[in-house]
Amino acid sequence: MPDHQTLYSPLSAVIRRQPVVVPPTASIDQALRIMNEAKVGSLVVTDPESGRPLGIFTLRDLLKRVALASCDREQLITTVMSGARLVSLVGQATAYQAALAMAQHRLRHILVVDATGRLIGVVSQNDLYALQRVGISEISDEIREAMDIPALQHAAGEIRRLAGNMLAAGLGAETLSQFISTLNDILTLRVIELTLGEFELPEIDWCWIALGSEGRYEQTFSTDQDNGIIFDCPADSDSDADSEAEAESLRQRFLSFAMAVNRKLDACGFPLCRGNIMASNREWCLSLPEWRRQFSGWIHEAEPQALLNASIFFDFRPLHGSAELSEQLRNWLLGVTAANPLFLRRMAVNALQCNPPLGWIRDFVYDHAERFPHTIELKMYGSRPFVDAARILALANGVAHTGTAQRLRAAGEQLQMPGEDIAALVQAFYFIQLQRLRHQYDGRCDGENANRIDPAALNELDRQMLKQSFRQGKKLQQKLQLDYRL
């Protein structure tokens, strides 16, 4: 597997070999001989005409359904294959999505298909662990098997401990952020699963969405909750008062559930959002049409609060439930924002309010924080110029990614930016993220100080790299100025 593949690589690039397949007319004995000759631990039963997967047969199936059951090996392979829990993803899906699907459904293999549903490969847990450099199987197993909050609290502590070890070992910020986000997602999923049994929710499609840094896969050691709920309201209509009443009735049934999830996440080390941007707030527990109206209002308003909301809510991604609802909202949003250049221009004006802290004479410019003199706020003035600019470029160019680096890469490619320029922007962003992670794990900061560093405390090389990283952020802002004539 190429060294440059990561958890954000498309599954089509992660596939290691052609899939081993048999038709549904094959016998168990024939399937076993094919597995032995190909030296594989699994094969896929596919439809001969369409190439679509019908089921998968693994060594675990062999042990449980053939050997221990003393099954006649002349029977058809379809009698012992696993078909009910078959999960497939398209080749454009990321390895990260595959890891999350495996954790959610407790699987060891994900089938990869093309746009027509035809099988193109199989990705295993081992393939994904190889991408992550450090295996997460032990902690993810502990999370999946947790039955109460104390067990999840212990798992949350293990996530932080292992992430700290990886940081000390010199792991890059991109891989480390993926690691933290993956395990935090799995933990959140488990909290939701445990809480579902305590409530009788409406039998409709709904989706728990991650927002802000969680939605961008950019969580650090110091992060609070940002989440919401999208639910389907079958009778919802822009002009139907009865449908509004129905939406309100459905919302009330979700809010108690959401509050329970938010409180459990808080107990596991994810503090409640100070701004109350959580699914338990009725303002962020909305039907799909209500979310559309909410976004439409922000896009057509010039209010500062609307731009602030855009910086948080436009980074949403699905975490649990019907991802289709989130995808529908994303597709609609990309179309609306691309057709409203004035909104994007207002966002660009807002993005330029946070300049990287570089001076004409001195290396760095410090803000006037009385409690923390001679420091730089790395989240506000370091990361944010990249995050804001990447969001604008993504919305303007129809890029569906939510992560800052992925947005820069995808939008940069569409804009035909030189590859080395894109790489420099991404490297600069992750160097700043790395400084934030180091500072937060050091343990000498509180909530207000979580992202403040004194450049004088850095070694000479890191100071120079930080300066160059800020210059890349400034270059990105200059692009916004040119694009929107500011």
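Annotations
- Cβ-Cβ FRET estimate between E49 and E327, R0 fixed at 41 Å, reported to 0.05: 0.90
- Spin-label pair L461/D363, simplified geometry with 7 Å Cα→Cβ offset, distance in nm: 1.5
- A protection proxy built from the mean count of other Cβ atoms within 10 Å ranks the segments 205-212, 414-421, most packed first, as 205-212, 414-421.
- Extension gain for A267 to D72 (0.36 nm times residue separation, less C-alpha to C-alpha distance): 65.0 nm.
- Taking the fewest neighbouring Cβ atoms within 10 Å as the starting point, the ordered list for H368, H154, H320 is H368, H154, H320.
- Checking every one of the GluC sites (Glu not before Pro) in segment 23-101 against DSSP loop status and a limit of 13 other Cβ atoms within 10 Å picks out E49, E74.
- Selection of trypsin sites (Lys or Arg not before Pro), segment 208-288, meeting DSSP coil and at most 16 other Cβ within 10 Å: R274
- Positive minus negative residues near C273 (Lys, Arg vs Asp, Glu; Cβ under 10 Å): -2
- Filtered trypsin sites (Lys or Arg not before Pro), segment 349-414: DSSP coil and at most 11 other beta carbons within 10 Å: R362, R371
- Spin-label model distance (nm) - E145 vs F372, 7 Å beyond Cα toward Cβ: 4.0
- Only Lys, Arg, Asp and Glu carry charge here, each on its Cβ (+1 for the first two, -1 for the last two); on that basis the chain has a dipole of about 1500 debye about its Cα centre.
- The R253 and E158 beta-carbon pair, evaluated with R₀ = 35 Å, returns a calculated FRET efficiency of approximately 0.55.
- Mean Cβ neighbour count within 10 Å, used as a protection proxy, ranking 138-146, 310-318, 114-122 highest first: 310-318, 138-146, 114-122
- Ordering E246, E413 from the fewest to the most neighbouring beta carbons within 10 Å gives E413, E246.
- Within a straight-line Cα-Cα reach of under 21 Å, K39 can be paired with the following lysines, leaving aside sequence neighbours fewer than 8 residues apart in one chain: K64.
- Residues T79 and R438, FRET efficiency given R0 of 60 Å [Cβ-Cβ distance, rounded to 0.05]: 0.60
- Counted residue by residue at 0.36 nm each, then reduced by the alpha carbon distance between them, the extension gain from L308 to T25 reaches 96.0 nm.
- R65-V87 pseudo-label distance in nm [points 7 Å out on the Cα-to-Cβ vector]: 1.8
- Acute angle (nearest 10 degrees) that the helix 95-105 long axis makes with the longest principal axis of the chain, alpha-carbon atoms: 60
We did not get these values from a lab; they are worked out from the coordinates using the rules stated. The model shown is predicted, which means the values in this text are computed figures rather than measured ones. Cβ atoms come from the backbone with ideal geometry, glycine included; neighbour counts cover every protein chain shown.
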